[in-house]
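S.K.: Take this structure, written in structure tokens, and hold onto it; I'll ask about it next.
The values are calculated or read from the model by the stated rules, or taken from the named source; none is laboratory data. Since the structure is predicted, the reported quantities are computational estimates derived from the model, not experimental observations. So basically every Cβ, Gly included, is an ideal-geometry build from the backbone, and we count neighbours across all protein chains shown.
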Amino acid sequence: MAAVLDSVRALFAPKIDTAFLIDRENPGDVLARERLLDAAMGPNRRRKSSETIRRHRVPAEGLALVARDASGHVIATVRLWNIQAGITPAGRAVPALLLGPLAVDPAHEGQGIGGALMRAAILEAKKSGHGAILLVGDPDYYERFGFSALKAKTLMMPGPFERHRFLGLELTEGWLKGAAGVIVPTGRRLSCPSEGTTPWPQAPRTSAGY
């Protein structure tokens, strides 16, 4: 992951004067992450259609990331989840990732942290061999990272969603071509599900300074 984070640092170093680092989430981050999501997204965040895909699932391997301030506190989070993005006309299941939620501590908004975290997540997903990422979010924000509603036009979320906010990004050209159907989760299930918990193996900390 160090090479990925170095690439993100190169993109953002001239633009950011706030010290932070991007790291993999570890078990000690769960409470801070959940508090951050509550503060940034409000009490209704668990009612969204995308939550039905994430609920009681483990994020994709190596794709639960956080940003930390100079003291090591979690100030932003993003996770990606294994899904099946419909099937092709030939009947082939299309594996992909669902990104979200992305959230930044309100006290640290406007500092480029969310953008850096997004770019790190996209680069790491591509490095891991994933072919596409889907998300539900603000097109004006996510289009800058290459996401487009056109890539998700034949796919559906498993519940209410706004079509113009359902976006896709191909990490491998043509990955979503012909894919159609409802998004379903394929990630590993939590062994003992409880709200907000994730059974991580302890991973070595990899960081990059900004």
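S.K.: Collect the residues in region 59-70 that are surrounded by fewer than 19 Cβ atoms within 10 Å (Cβ to Cβ) and within 15 Å of the chain's Cα centre (by Cα), keeping them in residue-number order.
M.R.: Within region 59-70, the subset surrounded by fewer than 19 Cβ atoms within 10 Å (Cβ to Cβ) is 61-62, 69-70.
Listed by number, the residues that qualify are E61, G62.
S.K.: Hey, among the residues in region 105-128 that are in a helix (DSSP H, G or I) and of a type outside the set (A, V, I, L, M, F, W, C), which one's nearest to A70 (Cα to Cα)?
M.R.: Within region 105-128, the subset in a helix (DSSP H, G or I) is 106-108, 113-127.
Next, from what is left, pick out any that are of a type outside the set (A, V, I, L, M, F, W, C): 106, 108, 114-115, 119, 124, 126-127.
Numbers: P106: 17, H108: 12, G114: 16, G115: 18, R119: 20, E124: 23, K126: 28, K127: 27 Å.
Among them, the one singled out is H108.
S.K.: Further question: Taking only region 54-83 into account, find how many residues are under 15 Å from D23 (Cβ atoms), of a type outside the set (S, T, N, Q) and in a strand (DSSP E or B).
M.R.: Looking only at region 54-83, we keep the residues that are under 15 Å from D23 (Cβ atoms), and these are 59, 62-79.
If we keep only those that are of a type outside the set (S, T, N, Q) too, we end up with 59, 62-70, 72-76, 78-79.
When the remaining residues are screened for being in a strand (DSSP E or B), the result is 64-69, 74-76, 78-79.
Final tally of qualifying residues: 11.
S.K.: Closer than 27 Å to G178 by Cα, of a type in the set (D, E) and not in a helix (DSSP H, G or I), is that true of E51? Spell out how you get there, then give the answer.
M.R.: On the way: closer than 27 Å to G178 by Cα: yes; of a type in the set (D, E): yes; not in a helix (DSSP H, G or I): no.
Here the answer is no, as E51 does not meet what is asked.
S.K.: Pull up region 71-118, narrow it to residues that are without any contact (Cβ under 8 Å) to a residue 24 or more places away in the chain and at positive phi, then point me to the one that is surrounded by the fewest Cβ atoms within 10 Å (Cβ to Cβ).
M.R.: Per the criteria, the residue is G91.
S.K.: OK, next. Could you check, for region 44-56, whether at least one of its residues is buried (at least 22 other Cβ atoms within 10 Å of the Cβ) and of a type outside the set (S, T, Y)?
M.R.: yes
S.K.: Any chance region 22-38 includes a residue that's closer than 20 Å to G110 by Cα, in contact with a Pro (Cβ under 8 Å, 6 or more places away or on another chain) and modelled with pLDDT of 85 or more?
M.R.: Yes.
S.K.: Further question: Report whether or not L155 is in contact with a strand residue (DSSP E or B) (Cβ under 9 Å, 6 or more places away or on another chain) and either closer than 30 Å to D69 by Cα or without any contact (Cβ under 8 Å) to a residue 40 or more places away in the chain (or both).
M.R.: Working: in contact with a strand residue (DSSP E or B) (Cβ under 9 Å, 6 or more places away or on another chain): yes; either closer than 30 Å to D69 by Cα or without any contact (Cβ under 8 Å) to a residue 40 or more places away in the chain (or both): no.
Taking the combined requirement at face value, the residue does not satisfy it.
S.K.: Mind counting the residues in region 71-100 that are under 19 Å from the mean Cα position of the chain (by Cα), farther than 23 Å from A32 by Cβ and among the β-branched types (V, I, T)?
M.R.: So the count comes out to 2.
S.K.: Another question about this same structure. Where residues in region 122-160 are of a type in the set (F, W, Y) and buried (at least 16 other Cβ atoms within 10 Å of the Cβ), which of them is nearest to G181 (Cα to Cα)?
M.R.: In the first step, residues of region 122-160 are kept if they are of a type in the set (F, W, Y); the result is 141-142, 145, 147.
Filter once more, keeping what is buried (at least 16 other Cβ atoms within 10 Å of the Cβ): 142, 145, 147.
Details: Y142: 23, F145: 24, F147: 19 Å.
Only one residue fits best here, namely F147.
S.K.: Something else: Picking from D38, D23, which residue would you name as being under 19 Å from A121 (Cα atoms) and acidic (D, E)? Walk me through how you get there before you give the answer.
M.R.: Values: D38 fails: under 19 Å from A121 (Cα atoms).
Among D38, D23, only D23 is under 19 Å from A121 (Cα atoms) and acidic (D, E).
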